[in-house]
Every structure is written in structure tokens, then in C-alpha cells.
1. Considering segment 13-27 alone, what residues qualify as being more than 12 Å from Cys125 (Cα to Cα) and modelled with pLDDT of 75 or more?
2. Tally up the residues in segment 107-121 that are in a loop (DSSP other than H, G, I, E, B), within 23 Å of Glu92 (Cβ to Cβ) and not small (Gly, Ala, Ser), please.
3. May I ask you to list the residues in segment 49-63 that are farther than 21 Å from Ser96 by Cβ and touching a residue at least 60 places away in the same chain (Cβ under 8 Å)?
4. Just name the residue that is surrounded by the most Cβ atoms within 10 Å (Cβ to Cβ) out of those in segment 98-131 that are in contact with a strand residue (DSSP E or B) (Cβ under 8 Å, 6 or more places away or on another chain) and over 25 Å from Asn42 (Cα atoms).
5. For a quick check of your reading of the model, give me the residue pairs whose first member lies in segment 35-48 and is loosely packed, with under 11 Cβ neighbours inside 10 Å, whose second is of a type in the set (Phe, Trp, Tyr), with beta-carbon atoms closer than 9 Å and at least 6 apart or on different chains.
6. For segment 47-101, give me each residue that is in contact with a Phe, Trp or Tyr (Cβ under 9 Å, 6 or more places away or on another chain) and not in a strand (DSSP E or B).
Amino acid sequence: MSIQHFDGRPLHSPSILQFYSRTAFTNATVYLGTQQDVTESNAQIPAPRTGVLQNLYVHRTAACGAGESCILTVRINGVATALTVTISGAAETDDSDTANKVQVTAGQLISVEGVASAAAVNSNCIATLELV
């Protein structure tokens, strides 16, 4: 017997999805998935089930630098969603978006787009996202 919502849908534990940049990026747009690529389709991962994406957390291994920024946006099937963070300045290395939530259907392709400003410090980055 499985635990279910009041409406009969199966109740799942939250899943954590991880997206990586395996090499540093600056002055570029890259896509994070199980690997980093400049071509989004090479980095997309399929949603393992239908649910809600929420609680985006991003960590860079180095700050962007004074006056520089890196914007990371969750994308579904190549379309930007409301889940986004901006890391900027000489000290900040972490940011999160815990306010926005996005519906996803099993099999839809998820990626995280990273856009770094022209003189941003090269840095690897990891993004985590909760699927509930």
C-alpha cells in the first residue's frame, strides 16, 4: 500500500536535482545539466516525474568580481522559467530562489542556463533544485 494525497495521487518524497558546470565560464552563456555545454540539448536532463520545481540554490567557487554578475535560470524544454538567481559583486558566491515554483511534467527536459558578464571571474558552479 502506498501513501497518497487526498485526491488519490501518489505522495513522493522530494527529489534533489543537481546541475554542474564542469569547467569555469565567463563572458558566455552555458547550460548546466549532468555536464556543462554551450548547446542546451547536450545538457538537458528529463524530469523523472511530474511535480513542482522549487528551492533553487546556486554556489560558485569564486565571486564574480566587482561590478560583475552571473545569472542562472532554470529552463524547461528550452524556455526560461521564473526560477532564477543573480550572483554579483566581489564577495557573493551563493544565492537562492525559494519564492518561485514551476510545474514540470515527467519527461520534460530541464536545464539551468548560466550567463556570466564580460569580466566575471572564471568559476565552477553547482545548482540544486527540489522536485516535489
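The values are calculated or read from the model by the stated rules, or taken from the named source; none is laboratory data. Since the structure is predicted, the reported quantities are computational estimates derived from the model, not experimental observations. Methodologically, a virtual Cβ is constructed for each residue, glycine included, from the backbone with ideal geometry; neighbour enumeration extends over all protein chains shown.
1. Pro14, Ser15, Ile16, Leu17
2. Total satisfying the criteria: 1.
3. Matches in segment 49-63: Arg49 only.
4. Asn100
5. Thr39/Tyr31
6. Scanning segment 47-101 gives a single hit, Thr98.
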